[in-house]
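Report on the structure given below.
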Amino acid sequence: MDITPLSRIPLSLAVSGRLRDAILDGSLPVGESLPTEQELAQAFSVGRSTVREALRVLQAQGLVTGADTVSTARPKVTHENTADSAATALSTAVQVGAVPLPDLVELRVLLEAAALRGVREVPGAARVAIEEMRRATENNNASAFHDADVDFHVALAGAGGNRAFALVMTVLRESIAGYLMSELEAVEDSAATLGVLLAEHEAIADAIAAGESDYAAQLVEKHVRDFYEGHSK
């Protein structure tokens, strides 16, 4: 007889796991309110404090709404914050060394280039982002530029209609956002750097508008690699 140690996990994780399974298999669809805290406690034969902790786990995973009101409200199933949750997990993996930052940059390059091929129109959100980058450049505002830069690349990733590209791009961008932001703030002549980056974004948009999506993909790859390699030494 094979005798191995029994797996013991906190009750709150067991409850959150059961609820997560129900959300993922559609038993608890997006937009539906969960049972009350008391109903969940009775259903799982656990205390209400265990239910509260389980709901907080689901909130951290971006699967239910609510924050400090879990004990009195009925959280709803959601997917609006799942990208943020994934980005946080990936960012943590980078910081602890489980995933090297260069590997993420390489994945980002491959993803963005693939997402752009075949795209023939610049998304409205990308055009708005360029205008925001232009204003940020004029004001030498690295933080505002960075935010617009994120919007630009996420918009392009989803331009072909592939929602998976946009989602993964969001996660990747958020995972390396801190590094990129610190590099923008550290450059000696930030105004000049922002000007160069703005011109690169404009060139990418111009290539798409001209129907040269393959060239746009090449420009994106060079844009990302040049910035990372130029500020990673």
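The values are calculated or read from the model by the stated rules, or taken from the named source; none is laboratory data. Predicted, not measured: the structure shown is a model, and the values here were computed from it. Methodologically, a virtual Cβ is constructed for each residue, glycine included, from the backbone with ideal geometry; neighbour enumeration extends over all protein chains shown. To get the accessible areas, we keep the full protein, side chains included, count just its heavy atoms, and leave off ligands, DNA and RNA. Shrake-Rupley method; radii C 1.70, N 1.55, O 1.52, S 1.80 Å.
Looking at 136, 115, 126, 164 in this structure, which one is touching a helix residue (DSSP H, G or I) at 6+ places or on another chain (Cβ under 6 Å), farther than 18 Å from residue 196 by Cα and either open to solvent by 60 Å² or more (accessible area, probe 1.4 Å) or not β-branched (Val, Ile, Thr) (or both)?
None of the others qualify; the one that does is 115.
Do the conditions hold for residue 144, that is, is it free of Cβ contacts under 8 Å to residues at least 40 places away in the same chain and open to solvent by less than 60 Å² (accessible area, probe 1.4 Å)?
yes
Can residue 82 be described as among the β-branched types (Val, Ile, Thr), surrounded by 14 or more Cβ atoms within 10 Å (Cβ to Cβ), under 30 Å from residue 166 (Cβ atoms) and at pLDDT below 85?
Considered against the rule, which asks whether it is among the β-branched types (Val, Ile, Thr), surrounded by 14 or more Cβ atoms within 10 Å (Cβ to Cβ), under 30 Å from residue 166 (Cβ atoms) and at pLDDT below 85, residue 82 comes out as yes.
Tell me the residue from 173, 108 that is open to solvent by less than 70 Å² (accessible area, probe 1.4 Å), within 22 Å of residue 216 (Cβ to Cβ), assigned to a helix (DSSP H, G or I) and touching an Asp or Glu at 6+ places or on another chain (Cβ under 9 Å), please.
Exactly one of 173, 108 is open to solvent by less than 70 Å² (accessible area, probe 1.4 Å), within 22 Å of residue 216 (Cβ to Cβ), assigned to a helix (DSSP H, G or I) and touching an Asp or Glu at 6+ places or on another chain (Cβ under 9 Å), namely 173.
Condition test on residue 183, is it surrounded by fewer than 16 Cβ atoms within 10 Å (Cβ to Cβ) and either within 20 Å of residue 228 (Cβ to Cβ) or free of Cβ contacts under 8 Å to residues at least 24 places away in the same chain (or both)?
So residue 183 fails the test.
Tell me, yes or no, whether the stretch 177-186 has at least one residue that is at pLDDT 85 or above, part of a helix (DSSP H, G or I) and either in contact with a Gly (Cβ under 7 Å, 6 or more places away or on another chain) or under 26 Å from residue 206 (Cβ atoms) (or both).
no
Among the listed residues 149, 206, identify the single one that is in a helix (DSSP H, G or I), under 17 Å from the mean Cα position of the chain (by Cα) and among the acidic types (Asp, Glu).
The conditions single out 149.
So, in the stretch 42-61, of the ones that are free of Cβ contacts under 8 Å to residues at least 24 places away in the same chain and over 15 Å from residue 10 (Cα atoms), which residue ends up most open to solvent (accessible area, probe 1.4 Å)?
Among them, the one singled out is 42.
A quick yes/no check of all residues on (1) farther than 25 Å from residue 88 by Cα; (2) touching a Phe, Trp or Tyr at 6+ places or on another chain (Cβ under 9 Å):
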site: 18; (1), (2): no, yes
site: 22; (1), (2): no, no
site: 32; (1), (2): yes, no
site: 42; (1), (2): yes, no
site: 45; (1), (2): yes, no
site: 49; (1), (2): yes, no
site: 55; (1), (2): no, no
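Quick test for you: out of 206, 226, pick the one residue that is loosely packed, with under 14 Cβ neighbours inside 10 Å and farther than 13 Å from residue 113 by Cβ.
226
What do you reckon, is residue 192 of a type in the set (A, V, I, L, M), at pLDDT 85 or above, on the phi < 0 side of the Ramachandran plot and part of a loop (DSSP other than H, G, I, E, B)?
For residue 192, the condition - of a type in the set (A, V, I, L, M), at pLDDT 85 or above, on the phi < 0 side of the Ramachandran plot and part of a loop (DSSP other than H, G, I, E, B) - is not met.
Confirm whether residue 213 is under 23 Å from the mean Cα position of the chain (by Cα), of a type in the set (Ser, Thr, Tyr) and either loosely packed, with under 14 Cβ neighbours inside 10 Å or more than 12 Å from residue 140 (Cα to Cα) (or both).
Taking the combined requirement at face value, the residue does not satisfy it.
Can you say whether residue 219 is touching a helix residue (DSSP H, G or I) at 6+ places or on another chain (Cβ under 9 Å), open to solvent by 30 Å² or more (accessible area, probe 1.4 Å), in contact (Cβ under 8 Å) with a residue 40 or more places away in the chain and closer than 15 Å to residue 111 by Cα, as far as the supplied structure shows?
no
Of all residues in the stretch 139-151, which are touching a helix residue (DSSP H, G or I) at 6+ places or on another chain (Cβ under 6 Å) and either modelled with pLDDT of 95 or more or of a type in the set (Gly, Ala, Ser) (or both)?
142, 144, 148
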